Amino acid sequence: MFIHGGGWSGGDRKGYAPQAAALAATGNYVAVSVGYRLSGETKWPSQIHDCKAAIRWIRGHAKELNIDPAKIGATGGSAGGHLVCLLGLTAGNKDLEGSIGDFTSLGSGVTCVVNFCGPTDMGAPLMQGEAAKKDDPAVAGLIGGPLAENADKVRASSPLTYVSKSAAPIMTVHGTNDARVHFSNAEKLDAALKRAGAVSLLVPVTGAGHGIPVGPELAARIQAFWDLHLRGIASEISTAPIAATAK
């Protein structure tokens, strides 16, 4: 399942159509790109409620789609990375489950996650320099007000809050020069997951900003991650840094 970015306030599920089509074309996966209500329409936690409802919808239609409902991976970038991390960390969390759709009796957990540059600590500045001296507009827009006045919502929307040993395996891909979501978000999540005894792979893309160039080496590692956790194909997946200019 693909979840789009856009600061929770923009973007569209169609943006992932090429990647979804390419994955489906392998013949080994069903690919679904989903949308969610944006922060201009409704505030947190509606966005994660929508994403969990999409997982339940996929699971509820598994037979007609000819898929294994126990093998669902999720990937997304930026705001989408934030949301897929939450999917991988909050299976069974009643506060984040929501009551949307016809399959509320089904679980919304996922098997594994590939997170591209997602915010993980919503209480810390996502940007650096002068921008760090005021609330991030995207985060404030998501939670519906100043961060200091909404500390409970800030904490509840942070993937780091939910890290535990039972987390789904998460691969995080993040540019070391990301000026929109600082690389420390990836480092914090990776360290917390490893401390908890969960599976975490952090792949730094050196020199990359918020847009990650997916060359053959990175694409191969991501495919190996999907194949390992969704198809049971054993593989050693390197976490060595990849240069943004790598071909």
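Condition check for Thr111 on (1) among the polar types (S, T, N, Q); (2) open to solvent by less than 20 Å² (accessible area, probe 1.4 Å); (3) in contact with a strand residue (DSSP E or B) (Cβ under 7 Å, 6 or more places away or on another chain): one failure, at (2). In region 98-134, of all residues being of a type in the set (Asp, Glu) and out of contact with any Gly (no Cβ under 9 Å at 6 or more places or on another chain), the one that is nearest to Ala179 (Cα to Cα) corresponds to Glu130. Per the conditions (1) of a type in the set (A, V, I, L, M, F, W, C); (2) more than 16 Å from Val113 (Cα to Cα); (3) in contact with a helix residue (DSSP H, G or I) (Cβ under 6 Å, 6 or more places away or on another chain); (4) open to solvent by 30 Å² or more (accessible area, probe 1.4 Å), the sole criterion not satisfied by Ala243 is (3).
Residues of region 108-134 that are more than 13 Å from Ser184 (Cα to Cα) and of a type in the set (Val, Ile, Thr): Val110, Thr111, Val113, Val114. Any idea which of (1) without any contact (Cβ under 8 Å) to a residue 60 or more places away in the chain; (2) touching a helix residue (DSSP H, G or I) at 6+ places or on another chain (Cβ under 7 Å) is the one Ala132 doesn't satisfy? With (1) without any contact (Cβ under 8 Å) to a residue 60 or more places away in the chain; (2) touching a helix residue (DSSP H, G or I) at 6+ places or on another chain (Cβ under 7 Å) applied to Ala132, the lone miss is (2). Residues considered: Thr42, Thr120. Of these, the only one that is under 23 Å from Asn150 (Cβ atoms), β-branched (Val, Ile, Thr) and out of contact with any helix residue (DSSP H, G or I) (no Cβ under 6 Å at 6 or more places or on another chain) is Thr42. Being closer than 22 Å to His4 by Cα and surrounded by fewer than 17 Cβ atoms within 10 Å (Cβ to Cβ) holds for only one residue in Gly129, Gly144, Gly118, and it is Gly144.
The values are calculated or read from the model by the stated rules, or taken from the named source; none is laboratory data. Because the structure is predicted, anything quoted here is derived from the model rather than measured. Neighbour counts run over all protein chains shown; Cβ positions are idealised from the backbone, glycine included. Quick note on the areas: whole protein, heavy atoms, side chains included, nothing else; ligands and nucleic acids left out. Shrake-Rupley method; radii C 1.70, N 1.55, O 1.52, S 1.80 Å.
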